[in-house]
Structure formats: structure tokens, C-alpha cells
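Asks: Can you keep this structure in mind? I'll have questions shortly.
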Amino acid sequence: MAWDPWGPVLDDLETRVVAAETGDLSALEGWDPPTSVRPMDDEELHRANGILGRQRSLLSRLRAEREEVARSLAATRRPNPRRALSSAPVYIDRLG
């Protein structure tokens, strides 16, 4: 059996994607594909495309969640500082 240079690379990438899908987005940081490895065969390319599809799905989910958070924050009622300053202060003990 010949040594498979892409097996460990794809295993590492898939492990990182699984971690990102479960909330550890930092797992995807710092990953670069190797440059000194032979081109992928059809089976490796199929596996790599499957991982890419999962990454795209994760990205889509993150974008949707970010948009939902942005809408939620935009809908949050914010205090109006001018309204708070528009009335004069009321003092209980006023010497007259």
C-alpha cells in the first residue's frame, strides 16, 4: 500500500471543521493547504469537496446568525438622552 500524502492533510482539515461546527471557530485559524504534495486523485478530490461543502454551510450559518444578532440589536430600544435632560430637576427641600 502506497503512502497517502493527502490523507493526514484532509483528516486534519476535517477535524478542524468539526471543531468549528461545534463552536470552536479558532480551530480553522492557521490552516494552509500543503504545496509540496502531488495533485489529488478523484477520491481525495471528492473528499476535499465534501469538506469544502461543510465549510460553506458553516459560513452560511454564521452569516445568518450574525444578521439575526444585528437585527435584534437594531430592534433594541435605546434610551433617548435628550428626553432625560429636557425637564428641570425637582428638589424636595427648597428654601424659599
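Asks: Quick one: Debye curve from the C-alpha atoms of the range 6-72, no solvent, what's log10 I(q)/I(0) at q = 0.24, 0.25, 0.26 Å⁻¹?
Replies: Computed log10 I(q)/I(0) values: -1.08, -1.14, -1.19.
Asks: Determine the sum of side-chain charges near Ala75: Lys and Arg each +1, Asp and Glu each -1, restricted to other residues whose C-beta is under 14 angstrom from that of Ala75. Let's see the in-between values first.
Replies: Numbers: positive: Arg71, Arg77, Arg78; negative: Glu67, Glu68.
Its environment carries a net charge of +1.
All of the numbers you see were taken from the coordinates with simple rules; none came from a lab. Just so it is clear, the model here is predicted, and its values are computed rather than measured. With ideal geometry, Cβ positions are generated from the backbone for all residues, glycine too; neighbour counts draw on all protein chains shown.
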